[in-house]
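So the structure is just underneath, and the comments pick up after that.
The values are calculated or read from the model by the stated rules, or taken from the named source; none is laboratory data. The structure displayed is predicted, hence computed values, not measured ones. Here the Cβ is made from the backbone with ideal geometry for all residues, glycine too, and neighbour counts use every protein chain on show. Heads up: the accessible areas ignore ligands, DNA and RNA and are worked out on the full protein's heavy atoms, side chains in. Shrake-Rupley method; radii C 1.70, N 1.55, O 1.52, S 1.80 Å.
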Amino acid sequence: MRYIEPHGHMVSRTTDDYQDMVTAGCAAVCEPAFWAGFDRNSADGFYDYFCQLTEHEPKRAAKFGLPHFSWLCINPKESENVVLAAEVISIIPEFLKKPGVLGIGEIGLNKNSRNELKVLESHVDLAARHDQLILVHTPHLEDKLKGTRLILDLLKSDSRIKPERCIIDHVEEHTIGMVLDSGFWAGMTLYPESKCTSARAIDMLEKFGTDRIWMNSACDWGVSVPLAVPRAALEMRKREHPHSWIDRVIYQNPFSFLSQSPNFKLPPVQ
Ligand SMILES: [Zn+2]
C-alpha cells in the first residue's frame, strides 16, 4: 500500500508515529498550521511556529525518510484578535519562499464570527496575491453547515480564486455535495470520536464517487489516529473495492491536488 497523509499535525506526534506511518506506506505528510491547544499571544510566537513547520519538522520527518510539506496561516480559533491576525498574516510571505510550503491553510471558520470572516478574507487575498493553494478548515457540529456555506460564498465571490486549487476539509454527509458541486476539492477527516469514521467516509465515496476527494487523519494533540488513512484503506478492501479505486483515493488524488503547487515534489520511488 502507498498513501499520502495530506493533513497531519506532526509537531504534536512522536517519532513512533513517524515510524508507523512510513511502515504503513506513507509517501509524504503535509502539515497545515493550526491551533496549538492554547492561544498564542504574539506574532513572534507564530514566527517561531512557522520556523518549526518549515525548517525543523521537515528535518525530523527526513530522519524517517518521509518528505514533509507545510501550509501557513493563523488558525480561525485565534482570529478573534484581528490586530494580531493582521500582524501574523504580514509575516507569512517571507515563509512562502521556503521549499516545502504548499499554500495558505488551514484557514476557515470556527464560530462563524464577523472577525473570523474578516481574517478569512485577508487569507484568501494573501493566497490570491501570491498564487497559493488554499486549505480550508470547516467548523464543527451545528456550525458546520452555515460555516461551509459562508466559506464557499466568500471563495466564489473572489474572481481570482480557482475552486480546483482549494480543498474544503472536514466535510460530512450534509456538506460534501455543495463543496463538490461548486468545483472545489473535499477532504474527509477520519477521527475516532468526532468528525468522520472510516465507515461513513467510505459510504460517502460510494455515493459521491472518488473525484476531487481525499482522506486525512488530521492527527494532532487530541484523540486522533495517525494511521487512520491506511486503516480506512483496509476497510475499503473488506468492502471489495479494487486496488486501483483505493489507490486513487489515498494516493493519486492528494498527489494530483498537491502537485498544483510547484513545491510539491516527491523523490522517485526506488
Ligand atoms: Zn487540522
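If I build a Gaussian network model for the chain, linking alpha-carbon pairs within less than 10 angstrom, which residue out of Gly222, Gly65, Gly103 has the largest mean-square fluctuation?
Gly222
What longest region of the chain stays clear of GluC sites (Glu not before Pro) that DSSP places outside H, G, I, E and B and that have at most 11 other Cβ atoms within 10 Å? Kindly include the intermediate steps, with their values, before the conclusion.
Details: sites that count: Glu193, Glu240.
The answer is 1-192.
Subtracting the Cα-Cα distance from 0.36 nm times the residue separation, let me have the gained length for Thr210 to Arg231 in nm, one decimal.
Values: separation 21, 0.36 × 21 = 7.56 nm, distance 1.76 nm.
Going from the current span to full extension adds 5.8 nm.
State the percentage of accessible surface on the stretch 1-49 attributable to carbon and sulfur atoms; use a 1.4 Å probe and exclude ligands, DNA and RNA. Could you put the intermediate results ahead of the total?
Details: 860 of 1940 Å².
C and S atoms contribute 45 percent here.
Can you compute the label reach from Leu266? Point 7 Å from Cα along the Cβ direction, backbone N cut-off under 18 Å, restricted to the stretch 199-232.
211-218, 227-232
Can you put Trp245, Trp221 in order of accessible area, largest first, using a 1.4 Å probe? Walk me through the numbers before you get to the answer.
Working: Trp245 45, Trp221 135 Å².
The ranking, largest first, comes out as Trp221, Trp245.
How large, in percent, is the carbon and sulfur part of the accessible surface of the stretch 159-219 at a probe radius of 1.4 Å?
Numbers: 1060 of 2230 Å².
Reported share for carbon and sulfur atoms: 48 percent.
Restricting attention to the stretch 8-61, which chymotrypsin sites (Phe, Trp or Tyr not before Pro) occupy a DSSP loop and are surrounded by at most 15 other Cβ atoms within 10 Å? Numbers along the way, then the final one.
Numbers: sites: Tyr18, Phe34, Trp35, Phe38, Phe46, Tyr47, Tyr49, Phe50; in loops: Phe34, Trp35, Phe38.
Here the chymotrypsin sites (Phe, Trp or Tyr not before Pro) that fit, given the DSSP loop and packing criteria, are Phe38.
What list of ³J(HN,Hα) values in whole Hz, one per residue of the stretch 128-133 in order, does the Karplus curve 6.51 cos²θ - 1.76 cosθ + 1.60 (θ = phi - 60°) give from phi, with Gly and Pro shown as x?
5, 5, 9, 6, 9, 5
What accessible area per residue, rounded to a whole number of Å², is obtained for the chain using a probe radius of 1.4 Å? Working shown, then result.
Numbers: 11650 Å² over 270 residues.
Accessible area per residue, the chain: 43 Å².
Rounded to the nearest Å, what's the spacing between the alpha carbon centres of the stretch 196-270 and the stretch 53-72? Just the number, please.
20 Å
Please list the non-local residues whose amide H lies under 5 Å from the amide H of Leu109, H modeled 1.01 Å from N, same-chain partners needing a gap of 5 or more.
His137
What list of ³J(HN,Hα) values in whole Hz, one per residue of the stretch 201-207 in order, does the Karplus curve 6.51 cos²θ - 1.76 cosθ + 1.60 (θ = phi - 60°) give from phi, with Gly and Pro shown as x?
4, 5, 4, 5, 5, 5, 7
Beyond 18 Å between alpha-carbons counts as too far, so tell me which of Lys146/Lys195; Lys118/Lys156; Lys77/Lys118; Lys59/Lys265; Lys77/Lys156; Lys111/Lys146 fall in that bin.
Numbers: Lys146/Lys195 16 Å; Lys118/Lys156 16 Å; Lys77/Lys118 13 Å; Lys59/Lys265 16 Å; Lys77/Lys156 23 Å; Lys111/Lys146 10 Å.
Listed pairs above 18 Å: Lys77/Lys156.
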